[in-house]
Amino acid sequence: MLNGGGDEESEATTPRVVIVLSQVLERLVNRNDCLLESDSVVTGKGLSVFQGVRTPGISVSKYLERIYRYTNCSPSCFVVGFVYIDQLLHRHPDSLLFSLNVHRLLVTSIMVASKVLDDAHYNNAFYARVGGVTNSELNKLELELLRLLDFGVTVTTRVFDSYCLHLEKELLCNGRSRRIERLPFRPADGETEHAGGDSLKGQSSPTQAVN
């Protein structure tokens, strides 16, 4: 299990958008884990390829910090990765984001977003090391993500800004008046169907395994 620094040090080195996204996802995952434990809901098979056999020994927040630290992808990639996951949950409403699939969904969606947004990015093998999965598995997950999205990985400025606004509201709900820093974003020609994140309501070497 990875050990991180204190909260103040983390916030000083990690973009605010990554910290807020971590908070949003951790609350959702905790809620869904409780629902599954109570047997009040059964998750569908739409996102089953991303599901591991046991909960990884690293929190969502530390996992996102790890991805940012080692891959040096732009903060915008985390927002676009958030868009991809939200789209998947809209397309598969019987599926839940929970502790067994959130890590694989994150590393895959952020890697794809980096390929779309960043001029320079690491290859799949490096992201696999950072994410704690094998290269062959990450290749498979990438293809499955693209298939589930019908290869619609372009995001417009309007949709991007709407998700940033959703995350800013999360800051306000947690008693923080600061705005998320304005993220540089180059709009694509395509259009995504969903905005606002509605379905998301309901220092060591990169070798940590996510099983």
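Summary table below
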item	result
Rel. contact order, % - alpha carbon contacts under 8 angstrom, at least six apart, region 26-118	46 percent
Charge sum, other residues only, whose C-beta stays under 11 Å from residue 98's C-beta, Lys/Arg counted +1 and Asp/Glu -1	-1
Cβ crowding within 10 Å averaged over residues, with 113-121, 14-22 ranked highest first	14-22, 113-121
Estimated translational D of region 96-143 in µm²/s (Stokes, Kirkwood radius over Cα pairs; 37 °C; 0.692 mPa s)	300 µm²/s
Neighbour net charge for residue 132 - beta-carbon separation under 13 angstrom, K R +1, D E -1	+4
Region 11-133 - Kirkwood radius from inverse mean 1/r over Cα pairs (Å)	14.8 Å
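Coordinate-derived values only; no laboratory data. Worth saying up front: this structure is predicted, and the values here are computed from it rather than measured. Counting neighbours? That spans all protein chains shown, and the Cβs are built from the backbone with ideal geometry, glycine included.
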